[in-house]
Amino acid sequence: MRIEKNPSFNNKLFSILKYIATNNPANAKNFKKELDKKITALANMPFKYRQSIYYDDMNVRDLVFKGYTVPYIIDNETIVIIDIFKWENR
């Protein structure tokens, strides 16, 4: 499966990494590295994570990582990463 990242996901992730890096740049690098591993692993098991509580669709899933929710859509041979947000922001 192919993984695509929505531009809004990239923008929000950049903001989160920028905020984390203000206190500890190494933590920001580790956060991105670990999140990328989780996202890459989706290609092998796209239905691994729970059905989204924010969308009423079986093909929309929520990857939860360190308090952040990363919703993604499974569409045939493509996984589209939609967004990233903290639970308290919704």
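Bear in mind that the values in this text are calculations on the coordinates, not laboratory data. All values derive from a computational prediction rather than experimental measurement. Positions of Cβ are backbone-derived with ideal geometry, glycine not excepted, and every protein chain shown enters the neighbour counts.
Odds and ends about this structure:
- In the stretch 8-23, the condition of being part of a loop (DSSP other than H, G, I, E, B) and either more than 11 Å from the chain's Cα centre (by Cα) or on the phi < 0 side of the Ramachandran plot (or both) is met by no residue.
- Within the option set ILE16, ILE53, ILE39, being more than 14 Å from ILE84 (Cβ to Cβ) and of a type in the set (A, V, I, L, M, F, W, C) holds for one residue only, ILE53.
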